[in-house]
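J.: Take a look at this one; I'll ask things after.
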Amino acid sequence: MLPLRGLPSLAGPLPSFAPATAPPAPSPLFAAWLAEAVEAGVREPHAVTLSTVDGRGRPSARVLILKDLKGDGWQFASTRAGRKGRELAANPRAALTFYWSALGRQVRVRGAVSAAGADVSAADFLGRSPSARAVALAGRQGQRLTDPGEVGPAVEQARARIDADPGLVSPDWTLYTLHADEVEFWQGDPDRRHIRLSYRLGEDGWTKELLWP
Ligand SMILES: Cc1cc2nc3c(=O)[nH]c(=O)nc-3n(C[C@H](O)[C@H](O)[C@H](O)COP(=O)(O)O)c2cc1C
């Protein structure tokens, strides 16, 4: 194993963050941080870890793409037939974790998850590239693959169906919205005096508080 303790983490210079100037709700701050990540040249700044829990409380996490932010709703899309779809159906609560290494910034989002209706999910599906649609149409994400040679023909067959009918939609494709009730903005500091600003949604709207690093 590499000597991991010798590898740097949160090495500066890192940007500053003045929580006193933060807006009353988290979404505009998230949009600003995402724009700064894009500006800083972070690769795939919209890649995010989605954590779900199964019916027995066992967690599971994977990376996916944030599709949009609508109000306090963080949107992502996937097939409902895979593990995350099954887990969200059984327990519709999840967490999202962003990390933008170049800026030493982490954002943590928690909340209830809802699935969009067929029309909205279909529109998201049709906005994907033909090759991405073909893989989703071929289905079976996460199922056991006994023969790797099966993938090529299955995807090619799905691609032919799409070419013949460009409006074809996978019935399992789903646009999900995580309705945030807690969002934390974490600005790393090389001296470990990290700045943490937590937003919580209560009956009277969002409240903010600082957290110890
Ligand atoms: C950068 C990146 C982006 C990804 N985007 C998506 C996505 O938008 N939707 C998706 O279903 N899977 C996406 N994946 C694949 C997931 O990480 C995961 O393998 C897949 O969704 C199966 O997860 P599950 O078995 O827990 O349901 C992406 C992976 C990476 C590394």
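The values are calculated or read from the model by the stated rules, or taken from the named source; none is laboratory data. Because the structure is a prediction, the values reported are computed rather than measured. Virtual Cβ from ideal backbone geometry, glycine too; neighbours counted across all protein chains shown. Side chains included, ligands, DNA and RNA excluded: accessible areas come from the protein's heavy atoms. Shrake-Rupley method; radii C 1.70, N 1.55, O 1.52, S 1.80 Å.
J.: When the Karplus curve 6.51 cos²θ - 1.76 cosθ + 1.60 is applied with θ = phi - 60°, which whole-Hz ³J(HN,Hα) does each residue of the range 42-56 get, with x for Gly and Pro?
T.: Each residue's phi maps through the Karplus curve to give 4, 6, 6, x, 8, 7, 8, 8, 9, 10, 10, 9, 7, x, 9 Hz.
J.: To the nearest 0.05, what FRET efficiency results for residue 146 and residue 118 with a Förster distance of 35 Å applied to their C-beta separation? Write down the numbers at each step before the final one.
T.: Numbers: r = 32 Å, r/R0 = 0.91.
The pair residue 146/residue 118 has a calculated efficiency of 0.65.
J.: Tell me, what is the Rg over Rh of the range 14-94, with Rh the Kirkwood radius over Cα pairs?
T.: Working: Rg = 15.4 Å, Rh = 14.7 Å.
Over the Cα atoms of the range 14-94, Rg/Rh equals 1.05.
J.: What are the ³J(HN,Hα) values, in whole Hz, obtained from phi via the Karplus relation 6.51 cos²θ - 1.76 cosθ + 1.60 with θ = phi - 60°, for each residue of the range 85-102 in sequence order, with x given for Gly and Pro?
T.: So the Karplus estimates, Gly and Pro as x, are x, 5, 5, 5, 5, 7, 8, x, 10, 7, 10, 10, 10, 9, 9, 10, 4, 4 Hz.
J.: Could you pull out the trypsin sites (Lys or Arg not before Pro) across the range 89-198 that fall in loop regions by DSSP (anything but H, G, I, E, B) with no more than 13 other Cβ atoms inside 10 Å? If you can, show how the numbers build up before the last one.
T.: On the way: sites: 93, 105, 108, 110, 128, 133, 140, 144, 159, 161, 192, 193, 196; in loops: 128, 140, 144, 192, 193.
Answer by residue number: 144, 192, 193.
J.: Right, another one. Filter the trypsin sites (Lys or Arg not before Pro) in the range 1-66 down to the DSSP loop ones having no more than 14 other Cβ atoms within 10 Å, then list what survives. Each step should come with its number before you reach the end.
T.: Numbers: sites: 5, 43, 56, 62; in loops: 43, 56.
Hits after loop and neighbour filter: 43, 56.
J.: Only Lys, Arg, Asp and Glu count, each charged at its Cβ (+1, +1, -1, -1), so figure out the dipole size of the chain about its Cα centre, rounded to 20 debye.
T.: Details: 26 positive and 23 negative charges, 133 e Å.
With only Lys, Arg, Asp and Glu charged at Cβ, the dipole is about 640 debye.
J.: What accessible area per residue, rounded to a whole number of Å², is obtained for the chain using a probe radius of 1.4 Å?
T.: Working: 12530 Å² over 213 residues.
The answer is 59 Å² per residue.
J.: So what are the ³J(HN,Hα) numbers for the range 186-191, from phi and the Karplus equation (6.51, -1.76, 1.60; θ = phi - 60°), rounded to whole Hz, Gly and Pro as x?
T.: 10, 9, x, 9, x, 8
J.: What does the charge count around residue 110 come to, taking other residues whose C-beta lies under 10 Å from its C-beta (Lys +1, Arg +1, Asp -1, Glu -1)?
T.: Numbers: positive: 93, 108, 200; negative: 181, 182, 184.
Its environment carries a net charge of 0.
J.: Give the carbon-plus-sulfur fraction of the accessible surface of the chain in %, rounded to a whole number; probe 1.4 Å, heavy atoms of protein chains only.
T.: On the way: 6760 of 12530 Å².
Exposed carbon and sulfur together represent 54 percent of the surface.
J.: Over the range 1-80, what is the relative contact order in whole percent, taking alpha-carbon pairs under 8 Å and six or more residues apart?
T.: Details: 54 pairs, mean separation 13.8, N = 80.
About 17 percent, as a whole number.
J.: Then there's this: Ignoring everything except DSSP H segments at least 4 long, calculate the 222 nm mean residue ellipticity for the chain; use -39,500 (n - 2.57) per segment, divide by total residues, nearest 500.
T.: Values: 5 runs with 54 residues, N = 213.
My calculation for the chain gives -7500 deg cm²/dmol from helical runs alone.
J.: Can you give me the Rg/Rh ratio for the chain, using Cα atoms for both radii and the Kirkwood formula for Rh? Let's see the in-between values first.
T.: Values: Rg = 19.7 Å, Rh = 19.3 Å.
Checking Rg against Rh, the ratio lands at 1.02.
J.: Under 8 Å for C-alpha pairs, at least 6 residues apart: give me the relative contact order for the chain, rounded to a whole percent. Write down the numbers at each step before the final one.
T.: Numbers: 364 pairs, mean separation 49.5, N = 213.
Rounded, it is 23 percent for the chain.
J.: Right, something else. Give me the compactness ratio for the range 57-101, meaning the Cα radius of gyration over 2.2 N^0.38 Å. Kindly include the intermediate steps, with their values, before the conclusion.
T.: Working: Rg = 11.5 Å, N = 45, 2.2 N^0.38 = 9.3 Å.
Ratio of Rg to 2.2 N^0.38 Å for the range 57-101: 1.23.
J.: Can you sort 195, 162 by 1.4 Å-probe accessible area, starting with the largest? Don't skip to the end; give the middle numbers.
T.: Working: 195 55, 162 5 Å².
My answer, sorted largest first, is 195, 162.
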